[in-house]
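Each remark here refers to the structure printed beneath this line.
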Amino acid sequence: MAETLLEELKRYVGFGREDEQALRSLHGVARAHFPRIAEVFYARILEHEGARTALEGGESQVGHLKGTLENWMDQLLRGPWDEAYFELRCRIGRMHVRISLPEHYMFGAMNVLRQEFNEIIDTHYRERPQELSQVRRAFSKIVDLELAVMLHTYREDLLAQQARIERLSTFGQLVGSIGHELRNPLGVIETSLFILKGRLSSADERTIKHLDRIGEQVALASRIVSDLLDMIRDRPLKHEPVRLEEVWKSARAAIQVPAGVLVSERGLAELPEVRGDPHQLRQVFVNLLENAVQAVGESGAVTLAAALVPDGVELTFEDTGPGVRESIRRRLFEPLMTTKVRGIGLGLSLVKRILERHGGSIAYAPRPEGGSGARFVLRLPLMPKGESDATLPSAR
Ligand code: HEM
C-alpha cells in the first residue's frame with residue numbers, strides 16, 4: 001500500500017519509538033503548564049495588530065480557543081501519532097485556511113510554543129543531558145511535523161482554487177459564446193414586443209399585462225447576459241472626473257426599495273472627484289445596493305458612508321441583513337458564488353473587477369462592534385492632483 005503523507009513525513013524526519021517515548025515523558029512534565037502556555041499563546045496573538053484581527057469573536061472565542069489549544073498540546077505530547085491524529089490536525093489546519101489566516105502567523109505562533117516548551121525541557125531535564133537532548137529532538141520533530149501538516153492544508157486549498165480557476169476559465173469561454181449568441185434573439189424579442197405593444201388597443205389589458213411580464217423577463221435575461229459578457233471581456237474603461245454623489249443618486253434611483261427599508265448616505269457630497277468610468281462605477285453601486293436591499297428584506301437599513309483617507313476615498317457600505325456566513329466570506333468575490341435562490345453569483349465579482357480596474361479595492365469587513373449585517377469597505381484612488389480643481393476636505 002502506498003505510504004501516507006504522515007508516514008512519509010515521519011520517515012523524512014526519522015520520527016520513531018524513541019521520540020514517542022520522549023514526548024510521553026515530556027507530557028507528564030509539561031501538562032501542568034498547558035493553561036499558562038495557552039495564556040501566553042493567545043496574549044501574543046492579541047498583542048500583534050495583524051494576527052489579532054483573526055480573533056473577531058472577542059473574549060468568548062479566545063476562551064474557547066485556549067481550551068482547544070490545551071487539548072491540542074495534550075494530543076501533541078501523548079499521541080498516538082496515527083492517521084486519526086493526522087486527520088484531526090488537517091481539520092484544524094483547514095479551519096485556519098477557512099478564516100484566511102496568513103501562513104506566516106503559523107510559524108510565529110509555533111515559535112512561541114517552541115520557546116515555552118524548550119524552557120520547560122531545559123529546566124526539567126537539566127541534570128540529565130542525554131534525556132534532555134532526546135526530548136528536545138523529539139519535540140522539534142513533532143512541531144515541525146505539525147507545521148508541515150498546516151502547510152499541507154494551505155496547499156490543498158491552493159490546488160482547489162487553481163482547479164476552480166481552470167474550470168471557470170473553460171466555462172468562461174463557453175459562457176462568452178453562448179452569451180453573445182443569446183444577445184441577438186433577446187434584442188429581436190425586445191423590438192417585437194415594442195412593436196406589438198404599439199399595435200394593441202388600450203382595452204386589451206390582460207394581453208398588455210402579459211406583454212409587460214415578457215418584457216420584464218427579457219430585461220432580466222439581458223441583464224444576466226450583459227453581466228456575463230462584462231465578466232469575460234473588459235469593456236474599455238473611461239478615465240474622466242466622476243462625482244460619486246451623482247453616481248450614487250443614479251444607482252439609487254434604479255433600485256426599488258421596500259417602504260420599510262431606509263437607504264441613507266453620508267459624506268458623499270463632500271468628496272472630491274475620483275477618476276473613472278461613471279457607468280461602471282454606477283454598476284458597482286447598483287450591484288451592492290441590490291444585494292443589500294435583498295438581504296435586508298422588508299425592513300431595515302442600508303448605509304453608505306464616505307470619507308477621505310490618505311490614499312483616496314473610502315466607502316463603507318453596510319446593511320442590517322443577516323450578514324455573510326464566515327464559511328463563504330473567502331469566496332464571496334468569486335464568480336458563480338451565490339447564496340441566493342435567484343441570481344447566478346456574478347454581482348460581487350463584477351464589483352471587485354470594476355474597482356480593481358479603477359486601481360481600487362473591495363473587502364468584506366465584519367462590523368467592528370459585532371452584531372449582524374454585512375459590511376463592505378471600498379477604496380478608490382482620487383483624481384490625480386492638477387487634473388481636478390476640487391478642494392479636498394480634511395481626512396477622517
Ligand atoms: C501553532 C499554531 C496554532 C495552533 C496549534 C492552533 C490551534 C488551533 C486549534 C486546535 C483550533 C481548533 C478550535 C476548535 O476545534 O474549535 C484552532 C482554531 C482557530 N485558530 Fe488556531 N492555532 C494556531 C495558530 C493560530 C493563530 C496564529 C491564530 C490567529 C492569528 C489562530 C486563530 C484561530 C481561530 C480564529 C480559530 C477558530 C476558527 C474557526 O472557528 O473556524 N490560530 N486553532
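Does P236 satisfy the condition of being farther than 20 Å from L355 by Cα and either aromatic (F, W, Y) or surrounded by fewer than 19 Cβ atoms within 10 Å (Cβ to Cβ) (or both)?
It is false that P236 is farther than 20 Å from L355 by Cα and either aromatic (F, W, Y) or surrounded by fewer than 19 Cβ atoms within 10 Å (Cβ to Cβ) (or both).
Filtered by the rule that a residue be farther than 21 Å from V261 by Cα and either among the small types (G, A, S) or buried (at least 19 other Cβ atoms within 10 Å of the Cβ) (or both), segment 310-323 gives G312, V313, E314. Listed by first and then second residue, the pairs with beta-carbon distance under 7 Å, at least 6 apart or on different chains, first residue in segment 72-90 and more than 13 Å from A22 (Cα to Cα), second among the aliphatic types (A, V, I, L, M), are M73/I37; E83/L6; F86/L6; F86/V149; R89/V149; C90/V149. Under the condition of being among the basic types (K, R), within 16 Å of the ligand (Cβ to nearest atom) and at pLDDT 95 or above, the residues counted in segment 92-142 number 2.
The single residue among A292, A307 that is under 18 Å from R367 (Cα atoms), aliphatic (A, V, I, L, M) and buried (at least 20 other Cβ atoms within 10 Å of the Cβ) turns out to be A292. If you filter segment 24-58 down to residues that are closer than 13 Å to D74 by Cα and touching a residue at least 60 places away in the same chain (Cβ under 8 Å), you find that the one that is nearest to the ligand (Cβ to nearest atom) is I37. Annotation note: Cβ proximity below 7 Å between a residue of segment 96-107 that is closer than 10 Å to Y154 by Cα and a residue that is more than 9 Å from the ligand (Cβ to nearest atom) and part of a helix (DSSP H, G or I) (sequence gap 6+ or interchain) occurs for V97/T153; V97/Y154; V97/D157; E103/L151; E103/Y154.
The values are calculated or read from the model by the stated rules, or taken from the named source; none is laboratory data. Bear in mind that the values here come from a model prediction, so they are computed numbers and not experimental data. FYI the Cβ positions are ideal-geometry reconstructions off the backbone, even for glycines, and counts take in every protein chain you see.
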